[in-house]
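The structure appears right after this line, and notes come after that.
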Amino acid sequence: MSKMTVFIHTNPQQMVGAIVGEYALRKASRHNDQFDVKILNLWDFPHLTNREGRTYLRKKREAVWRNRDLQSFSPLRFLPPQLMGYEGRAVLIDPDIFAIADIYDLLSRDMQGKAVWCRMGYPEKPEDRSYNTSVMLMDCAKLRHWDWDKNIDDMFAGRLDYGDWIFLRKEDPATIGDLEPEWNHWDTLTGETKLLHNTERSTQPWKTGLPVDYNLNYQTAKAGGGVLDSVKAFFRRSKTPQEVYQKHPDSKQERFFFALLKECLDKGVLTEAYLKQEIRNQHIRPDALRYLKAVA
């Protein structure tokens, strides 16, 4: 493996996005010989998938692990340093992130001695320190304490809270650099955007009209006392309470994704047969092929 690698972590529900994401990285780069791209598929990591139906600690409560939740790949975010043998640099991105700028510019930047660069997140409480880990630049040699298998064990044993892990709350803030927003532009496509992130799950452009396949409530394992919390969580839903994916509010972002998907189809990165299967699997919207025919 190269000393510089971009990892895209995913599960089957988001595999089309991951494949398009890899294509976008290669298309946008002038330095393709300088880095590798590797897709991490949840199903290749039984140390996690074998936990189906088991409880884990999330926001100080027990939740039930479901492999088929839309974002079940998220714990894979912390695998790259281990996979790199704790050497070199890695960038980790979600499967709903598409490059516009050259990712090599991020991989090769001056990290100023930091172990990780990522965007600040939105803390649930003002006193909480929170980082958004959907895009991370990592100096793998400085992350030898990231033992993924142990952290999975600890999460399911109740010793590690998923929220603390995913938001880097256990890391020394002095080791984390604040990444510019354009390197993880949340549903924002402007002239400054370097990585477009269709992060709002309910409006991902390739999912429009499909039944929602994620759990916003993260149902607790114990029924007693959890019902009220589940009802409250329902009304806290970020933008849409609908049971189906909605149309993305920015038609430019929808067209951008489908233009990339059409290029993948035209160049043989994906086949029409594969897309038809993904439509049958309800992983991409039922009108995807019709939409592609309308893309100039």
| request: Please tell me which of these pairs span more than 21 angstrom C-alpha to C-alpha: Lys27/Lys207; Lys3/Lys38; Lys207/Lys293; Lys3/Lys262; Lys194/Lys276; Lys3/Lys267? | output: Lys27/Lys207; Lys3/Lys262; Lys194/Lys276; Lys3/Lys267
| request: Just rank Met15, Met111, fewest to most, by other beta-carbon atoms within 10 angstrom. | output: Met111, Met15
| field | Gyration tensor verdict on the chain (Cα atoms; rounded if a/c is under 1.5, prolate if a/b is larger than b/c, oblate otherwise) | value | oblate
| Computed magnitude of the charge dipole of the chain (debye, nearest 20; Cβ of K, R +1, Cβ of D, E -1) | 660
| Counting DSSP beta bridges with both ends in the chain, the antiparallel % (nearest 5) | 55
| query | Taking segment 121-191, which GluC sites (Glu not before Pro) meet the DSSP loop condition and have no more than 16 other C-beta atoms within 10 Å? | reply | Glu124, Glu127
| query | What order do you get for Asp33, Asp178, Asp164, Asp250 when you list them from fewest to most C-beta neighbours inside 10 Å? | reply | Asp33, Asp178, Asp250, Asp164
| Per-residue HN-Hα couplings for segment 13-26, Karplus 6.51 cos²θ - 1.76 cosθ + 1.60 at θ = phi - 60°, whole Hz, x for Gly and Pro? | 4, 10, 5, 4, x, 5, 5, 5, x, 5, 4, 5, 4, 5
| query | So how do Thr199, Thr5 line up by other beta-carbon neighbours within 10 Å, fewest first? | reply | Thr199, Thr5
| message | At 222 nm, what value in deg cm²/dmol follows for the chain if DSSP H runs of at least 4 each add -39500 (n - 2.57) and the sum is divided by all its residues, to the nearest 500? | response | -7500 deg cm²/dmol
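Since every read-out is calculated from the coordinates, none of them should be taken as a lab result. All figures in this text were calculated on a predicted structure; none of them were measured in a lab. In this analysis, Cβ positions are derived from the backbone assuming ideal geometry, glycine residues included, and neighbour counts consider all displayed protein chains.
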